[in-house]
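One structure below.
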Amino acid sequence: MAIVWRSFACSRAELQLDLTLACGQSFRWANSGVMTGVLAGRVWKLSQTDTHILYHVIGHVEEQTSASRPGRKNQKRKSGTPIETSNATVKKKIKSEENALDTKEQVKMMTSNAEETKIKAENVEEVTMKTEAGLTEEDIEVSILQDYFQLDVKLTDLYEQWCQADPHFKQVSPNFTGIRMLRQDPVENLFSFICSSNNHISRISGMVERLCEAYSTQVCQIYGEKYYAFPTVSALAGRGVEERLRKLGFGYRARYISETAQYIMKQGGESWLYNLRTLPYEQAKAELMKLSGVGAKVADCVCLMSLDKTGAIPVDTHVWQIVNRDYKHKLGTTKTLTDKTYKEIGDFFRQLWGPYAGWAHSVLFAADLRKFQELKTSPEKKVDTKKSVKKKKSR
């Protein structure tokens, strides 16, 4: 039986899935020919053609969607089009499908286009696309993806602006188009990056999955592999969390997770964290830095990746090395990354790239990852993000 896939229009220049989902922003996506991950209490399979994003939801549990979270900014952004949102709560029991995507089968596609067509997808044979009318669960799913990938922001316009402002960005970016910032759930984003301290991407991913298995709800099981939603703050604030996480290999990060969850609960719970979206950047960052295990870099990651602070610039030793190598003629070479240097680097890039400086910074960050280096010399060759890379850099 064919799996029902759906799609919506989006070019690779606006979103390159394998680069965006594997560049150290989120740690819950795996590439097995298609991207598989957990988002908004659902398990997704994502793929793309040159003109469309293809998606399939395998299973989900009841969870408030990101579009109705406290602190949601229903404002117009770069493209001038507000994100379509829905406050409808999807009320369905846990569902599962044992049918994973077969790369050689015909897959039915639902799209907003009025006509039925056949297109060729990556790792997929011909796919049939047709319309479904009316507001449905599919509309909610599209809204979740549009919000998550911030598709109301016209990325090609931003790339053009950054290329005009920065010769180095102009040189690097042609092989790294379509990298955009995710708009993540602040709870998942925060606790994932607490796990990132002195860590690398593959190990962070393992920690995040163990955290979900220990303290959250199973979404579904596919061929024996279980998928879990991300834990609530209240679950992570419970008794015995630190001790259990230490046994699971979190080390000193176990205390950070427990103490941060307890602090957030004392401030009123998850709504406190979501409402940081409504604060100015510096104020939101200052509030985050009150949390256990959250320094300037982690605070900036959360500001940029889930709190709508597009000018936040996370600076770690990796970014600092990029500055010393590629921008030393403007910033000079510094021997150590001090608080003063950190601020100077952020201010320099904000002045250079403008309001979306954090997005531009992430393009250069991704371009410098070892697993993407072959793209610099062979732009026509597709990168294989399935290959494991020892001690890949984290943010």
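Select from region 209-257 the residues that are in contact with a strand residue (DSSP E or B) (Cβ under 6 Å, 6 or more places away or on another chain) and of a type outside the set (D, E, K, R) and write down the one among them that is most open to solvent (accessible area, probe 1.4 Å).
Keep residues of region 209-257 that are in contact with a strand residue (DSSP E or B) (Cβ under 6 Å, 6 or more places away or on another chain), which gives 212-213, 216, 218-220, 226-229.
Subsequent filtering for residues that are of a type outside the set (D, E, K, R) retains 212, 216, 218-220, 227-229.
Details: CYS212: 0, SER216: 34, GLN218: 62, VAL219: 0, CYS220: 3, TYR227: 36, TYR228: 33, ALA229: 6 Å².
Ranking the qualifying residues of region 209-257, first place goes to GLN218.
Looking for something modelled with pLDDT under 50, over 21 Å from the mean Cα position of the chain (by Cα) and assigned to a loop (DSSP other than H, G, I, E, B) - is there at least one such residue anywhere in region 133-143?
Looking for residues that are modelled with pLDDT under 50, over 21 Å from the mean Cα position of the chain (by Cα) and assigned to a loop (DSSP other than H, G, I, E, B), one finds at least one in region 133-143, hence yes.
From the list LEU331, LEU337, LEU364, pick out the single residue that is within 23 Å of ASN175 (Cβ to Cβ) and either modelled with pLDDT of 85 or more or of a type in the set (A, V, I, L, M) (or both).
Only one candidate passes the filter, namely LEU364.
Counting only residues that are surrounded by 21 or more Cβ atoms within 10 Å (Cβ to Cβ) and in contact (Cβ under 8 Å) with a residue 24 or more places away in the chain, give me the strands (runs of 3 or more DSSP E) lying completely in region 1-45 with at least 1 of them.
Qualifying strands (runs of 3 or more DSSP E): 4-9, 35-39.
I'd like to check something: does region 264-277 contain any residue that is aliphatic (A, V, I, L, M) and in contact with a Cys (Cβ under 6 Å, 6 or more places away or on another chain)?
Within region 264-277 (the criterion being aliphatic (A, V, I, L, M) and in contact with a Cys (Cβ under 6 Å, 6 or more places away or on another chain)), the answer is no, since none of the residues qualifies.
Would you be able to say whether some residue in region 173-193 is free of Cβ contacts under 8 Å to residues at least 40 places away in the same chain, open to solvent by 10 Å² or more (accessible area, probe 1.4 Å) and not hydroxyl-bearing (Ser, Thr, Tyr)? Step through it out loud before you land on a result.
Filtering region 173-193 for residues free of Cβ contacts under 8 Å to residues at least 40 places away in the same chain gives none.
Scanning region 173-193, I find no residue that is free of Cβ contacts under 8 Å to residues at least 40 places away in the same chain, open to solvent by 10 Å² or more (accessible area, probe 1.4 Å) and not hydroxyl-bearing (Ser, Thr, Tyr), so the answer is no.
Are any residues in region 322-360 hydrophobic (A, V, I, L, M, F, W, C) and touching a residue at least 40 places away in the same chain (Cβ under 8 Å), and if so, which ones?
Once the filter is applied, which keeps residues that are hydrophobic (A, V, I, L, M, F, W, C) and touching a residue at least 40 places away in the same chain (Cβ under 8 Å), region 322-360 yields ILE322, LEU352, TRP353, ALA357, TRP359, ALA360.
Quick check on ILE201: is it over 15 Å from the mean Cα position of the chain (by Cα), touching a residue at least 24 places away in the same chain (Cβ under 8 Å) and open to solvent by less than 30 Å² (accessible area, probe 1.4 Å)?
no
Could you grab the pairs with beta carbons closer than 6 Å, sequence gap of 6+ or different chains, first residue in region 293-312 and of a type in the set (Gly, Ala, Ser), second one at pLDDT below 95 and surrounded by fewer than 24 Cβ atoms within 10 Å (Cβ to Cβ)?
So the pair list comes out as ALA296/TYR342.
The values are calculated or read from the model by the stated rules, or taken from the named source; none is laboratory data. Remember, predicted model here, so these are calculated numbers, not experimental data. Don't worry about glycine lacking a Cβ; one is built from the backbone with ideal geometry, like all the others, and counts go over all protein chains shown. Each accessible area value is taken on the protein alone, full model and side chains, heavy atoms only, with ligands, DNA and RNA left out. Shrake-Rupley method; radii C 1.70, N 1.55, O 1.52, S 1.80 Å.
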